[in-house]
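Remarks on the structure that follows.
The values are calculated or read from the model by the stated rules, or taken from the named source; none is laboratory data. For clarity, every value in this text was computed on a predicted model and none was experimentally measured. Here the Cβ is made from the backbone with ideal geometry for all residues, glycine too, and neighbour counts use every protein chain on show.
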Amino acid sequence: MIEFLNKEVISLFPSLLFHSKIENKQLLKGIAQSVMDLKKKSHGNGTQTGWWSLDNIHELPEFEELAESLLKEADSVLDFFKVKRDGCYLTSMWANIANRPEYSHQNHIHPNSLLSGVLHVNLPEGAAGTTFGDPRPAARIFEPTHTELNQFNAGMFNPPGEEGTLFIFPSYLPHGVNPSAKVFAKDKKRITISFNVMITGRIETRTAPLTLS
């Protein structure tokens, strides 16, 4: 039998999910209250199962500190990817409220953005986190049976969701929210803040030079 040595696993073309967390519970309560105040002001739209704000809350004074902090986190992700740029900015930022466990949002992407993110402000017991899908359709054209599913072989991935959890990811990565089978406790709601990020500067790729401002 021929023996193969120096074995290693090389990760090619991965879709990276950047995770961080706000531990300050009082700060999260303040953000949640600001979102609920927006709803009272009718700064958005909704249904019986959920509500979503307009996508300009990064321009509102009560969200200024949060917007700056989220942009700083996104800027560090751009540094990780070695993206050449003059700067970056939030193109949009909005709040989502799930009133009932059956609230869901099918997997989707965010066009015309480079990075996207979601901050889990309030997650009642039993509420779903954020689900991510494989962006490579060809990877699922043949699907063998696995002894266990994980982030390396599954077509869908559900990272553990906790209050304060922030995920930042490439905007092409499909993501969504699954309904929950467990009823939320009285007066408890699932609250998240979502946002998109774009860069400014000259893109010098030969085939598609662009100047973004």
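Remarks
- Which listed residue, of VAL77, VAL35, is under 18 Å from the mean Cα position of the chain (by Cα), farther than 20 Å from LEU173 by Cβ, surrounded by 14 or more Cβ atoms within 10 Å (Cβ to Cβ) and not hydroxyl-bearing (Ser, Thr, Tyr): VAL35
- Some residue of region 11-29 being farther than 30 Å from MET156 by Cβ, surrounded by 17 or more Cβ atoms within 10 Å (Cβ to Cβ) and under 21 Å from the mean Cα position of the chain (by Cα): no
- Qualifying residue in region 29-39 (condition: part of a loop (DSSP other than H, G, I, E, B) and touching a residue at least 12 places away in the same chain (Cβ under 8 Å)): no
- Scanning region 151-163 for residues that are surrounded by fewer than 17 Cβ atoms within 10 Å (Cβ to Cβ) and either within 27 Å of ASN196 (Cα to Cα) or modelled with pLDDT of 95 or more (or both) yields GLN151, PHE152, ALA154, GLY155, MET156, ASN158, PRO159, PRO160, GLU162.
- 3 or more residues farther than 16 Å from ALA32 by Cα: qualifying strands (runs of 3 or more DSSP E) within region 43-144: 87-98, 105-108, 115-122, 131-133
- 1 or more residues in contact with a helix residue (DSSP H, G or I) (Cβ under 8 Å, 6 or more places away or on another chain): qualifying strands (runs of 3 or more DSSP E) within region 158-209: 165-170, 190-203
- Number of residues in region 102-116 that are closer than 30 Å to THR200 by Cα and buried (at least 21 other Cβ atoms within 10 Å of the Cβ): the value is 4.
Residues are listed down the side, and each one gets a yes or a no for (1) modelled with pLDDT of 90 or more; (2) of a type in the set (D, E, K, R); (3) touching a Phe, Trp or Tyr at 6+ places or on another chain (Cβ under 6 Å):
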{"site": "LEU54", "(1), (2), (3)": "yes, no, no"}
{"site": "GLU59", "(1), (2), (3)": "yes, yes, no"}
{"site": "PHE63", "(1), (2), (3)": "yes, no, no"}
{"site": "ASP79", "(1), (2), (3)": "yes, yes, no"}
{"site": "GLU102", "(1), (2), (3)": "no, yes, no"}
{"site": "HIS146", "(1), (2), (3)": "yes, no, no"}
{"site": "THR165", "(1), (2), (3)": "yes, no, no"}
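- Test: residue in region 177-195 that is surrounded by 17 or more Cβ atoms within 10 Å (Cβ to Cβ) and either closer than 27 Å to LEU12 by Cβ or aromatic (Phe, Trp, Tyr) (or both): yes
- Residue in region 82-101 that is surrounded by the most Cβ atoms within 10 Å (Cβ to Cβ), counting only those that are touching a helix residue (DSSP H, G or I) at 6+ places or on another chain (Cβ under 9 Å) and farther than 30 Å from ILE203 by Cβ: ALA95
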